[in-house]
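Notes for the one structure printed next.
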Amino acid sequence: MLTTSFCEGPTDKLLLDLTMGGALDYAVTHFPERTAFIYPFEIAALTYKQLHTKVCHVAAALLSRGLRPGDQVVLWTDVHCMELEVFSHAVTYAGLILVGVFLIDIEDVLLNFSCKAIIFPNFTWEYTNRESRLGRILGTTAASITDHETNTDSTASIAILPNKTSGKGTFLSFKTLLDEGVTQQSHLSKVKKTIRADDVAVIMLTSGTTGKPKGVTSTHSSMVNNGYFIGDRLHYSSKEHRICSLMQRYDDIGLVEAMCAFMHGATIVNPERNYDVEDITSVMQVIQNERCTAVHGFPSHFVNIISDPAFTMYDFKAVHTGFTCAAPMFSRKMLEILTKFTPDLVPGFGTTETKRNIQGFVTDSRIKRADTIGYPMPHTKVKIIDQESNIVPIGSAGELCLYSYSTMVKYWNQPEKTSKAIDDEGWYHTGLTLSLTPTPNPNPNTTPNPNYSLTLSQSLTPTPNPNPNTIPNPNYSLTLSQSLTPNHNPNTTPNPNYSLTLSQSLTLTPYSNLNITPNPNYSLTLSQSLTLAPNPNPNTTPNPNYSLTLSQSLTLTPTLPLALSIA
């Protein structure tokens with residue numbers, strides 16, 4: 001019987017010793033004629049063979065222009081296009097380090113990172129104020145920038161930053177590099193042999209709302225294996241899948257998603273040019289027209305789709321699976337999403353620092369997928385500790401810690417923040433306070449441990465505060481209240497007189513410890529749901545068979561032996 005708050009994922013499948021470029025090599029060997037990427041708004045598509053050819057040409061050209069493995073190349077964009085897709089994979093294929101940023105972060109990035117080049121989309125130059133920003137950064141003139149934009153027929157370009165010799169930056173269009181790389185393949189082949197799976201591949205910036213952005217540094221191995229195991233749990237190798245991706249393509253989750261596609265021969269369909277999905281109608285049209293079998297997105301994407309007035313007008317018969325990030329506040333909508341739209345949608349949990357560490361199975365019941373965030377991923381351990389770093393008993397509160405191959409190497413050039421986040425034994429400390437409480441398992445035949453599922457009790461988690469000048473009030477904390485309401489449909493619930501309704505109301509109460517909260521950069525997010533459990537005292541409640549249990553936030557439930565659930 002489980003007594004401590006510790007669980008781990010399976011280790012029967014070995015970790016892959018592959019670089020991100022090696023994953024593309026694998027894809028072109030096994031699925032050369034399958035479509036790798038589709039960009040409907042560009043009327044563009046590439047097979048794995050075509051993608052591999054373009055990536056190799058651009059990668060070789062980057063090396064011929066003086067870049068070397070380990071050099072940092074910034075991808076500065078908030079839009080998607082096919083040429084940026086190829087650029088991103090060419091960078092890692094050449095052993096360069098891809099630094100992913102949004103447009104507003106560029107000056108800070110150049111101050112804090114050793115970047116040698118900047119990749120950017122040509123069609124957003126006006127938005128980025130080219131004369132004052134890129135011109136100043138690259139040490140060139142506004143006229144030369146304008147000349148470059150006017151004469152390129154590419155949608156993306158790269159700027160090699162000024163060096164001590166020339167003192168000026170060099171603009172190169174995607175097409176120029178594509179042509180140059182044709183004759184440079186022998187050099188690329190030699191360089192490829194020096195790139196290792198445990199080399200740094202990607203640096204992704206976390207939000208800078210609490211100070212200087214942190215550069216989450218990840219290896220080739222962590223990206224490839226995380227993508228492989230995500231697809232393995234989704235059974236993506238069982239058939240040819242077409243994935244509608246609503247993720248940001250060049251963020252960490254988008255790159256992991258690409259590794260998932262490469263290792264399982266899937267197609268990624270990108271319905272939106274902008275990072276932020278704004279046009280749900282066009283998304284639904286793409287899902288229908290491209291006959292997508294899977295959808296990857298955030299909970300809000302799925303809610304927006306099924307809530308759209310035109311939802312029933314589209315043919316989504318091909319869609320049946322996908323993944324989303326677990327969000328307790330959407331748990332009550334999850335069943336509706338599973339019923340109406342994606343019956344095999346699987347939730348999961350992770351952070352930029354650790355990738356996707358927890359994920360469900362398509363074989364889990366719909367109720368379990370609605371109420372849980374899944375199970376520890378392969379080669380991943382989960383524990384809850386107290387302030388003295390001791391693993392707490394089941395039911396006791398503590399901090400969630402994760403140990404995995406996918407944990408970041410470090411925060412780039414921030415050793416103090418790194419040591420605070422990752423301890424000497426390699427455990428990543430999430431900062432989330434929670435407790436694991438055993439509850440009777442409603443379906444003992446579907447999980448490894450027939451006696452327990454784990455429910456995470458209430459936890460308040462910080463999110464960036466959109467208005468730090470007005471909230472929170474340092475003198476108050478939040479209190480949750482809830483209630484039962486009469487049942488309007490007595491034929492559908494166990495007790496004809498009552499239904500389960502959670503009426504959340506947050507109230508302000510004087511805060512007892514003004515020294516530790518709140519942070520003006522954060523606001524509080526509360527999540528919760530109601531569940532039915534056998535009633536230990538049938539004489540005191542309206543229905544003798546059920547009692548009410550309220551649990552909040554994340555939840556653990558395992559295959560091995562536990563699972564994480566949103567209760």
(request) Confirm whether ILE306 is aliphatic (A, V, I, L, M), over 30 Å from VAL200 (Cβ atoms) and surrounded by fewer than 24 Cβ atoms within 10 Å (Cβ to Cβ). (result) yes
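Residues checked against (1) loosely packed, with under 15 Cβ neighbours inside 10 Å; (2) part of a helix (DSSP H, G or I); (3) among the hydroxyl-bearing types (Ser, Thr, Tyr):
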residue: LEU2; (1), (2), (3): no, no, no
residue: LYS13; (1), (2), (3): yes, no, no
residue: ALA23; (1), (2), (3): no, yes, no
residue: TYR26; (1), (2), (3): no, yes, yes
residue: ALA36; (1), (2), (3): no, no, no
residue: CYS56; (1), (2), (3): no, yes, no
residue: ALA60; (1), (2), (3): no, yes, no
(request) Can you run down the residue pairs with Cβ atoms below 7 Å, 6 or more apart or on separate chains, where the first is in segment 389-418 and touching a residue at least 12 places away in the same chain (Cβ under 8 Å) and the partner is of a type in the set (Lys, Arg) and surrounded by 18 or more Cβ atoms within 10 Å (Cβ to Cβ)? (result) ILE391/LYS383; CYS401/LYS383; SER406/LYS355; TYR411/LYS214; GLN414/LYS214; LYS417/LYS214
(message) Within segment 355-390, take every residue that is crowded, with 24+ Cβ neighbours inside 10 Å and among the polar types (S, T, N, Q) and give me the one that is modelled with the lowest pLDDT.
(response) THR372
(request) Sort through PRO32, PRO121, PRO69, PRO40 and tell me the only one that's free of Cβ contacts under 8 Å to residues at least 40 places away in the same chain and not assigned by TED's automatic domain parsing to the domain that holds GLU240. (result) PRO32
(request) Give CYS260, CYS244 a once-over and let me know the one that is touching a residue at least 40 places away in the same chain (Cβ under 8 Å) and under 18 Å from the mean Cα position of the chain (by Cα). (result) CYS244
(message) Within segment 290-308, does at least one residue satisfy the condition of being in contact (Cβ under 8 Å) with a residue 60 or more places away in the chain and hydroxyl-bearing (Ser, Thr, Tyr)?
(response) no
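If you check THR194 against the conditions, is it at pLDDT 95 or above, assigned to a loop (DSSP other than H, G, I, E, B) and over 21 Å from PHE262 (Cα atoms)?
yes
The values are calculated or read from the model by the stated rules, or taken from the named source; none is laboratory data. These numbers were taken from a predicted model, which means no experiment stands behind them. Using ideal geometry, Cβ is built from the backbone for each residue, glycine included, and neighbour counts are taken over all protein chains shown.
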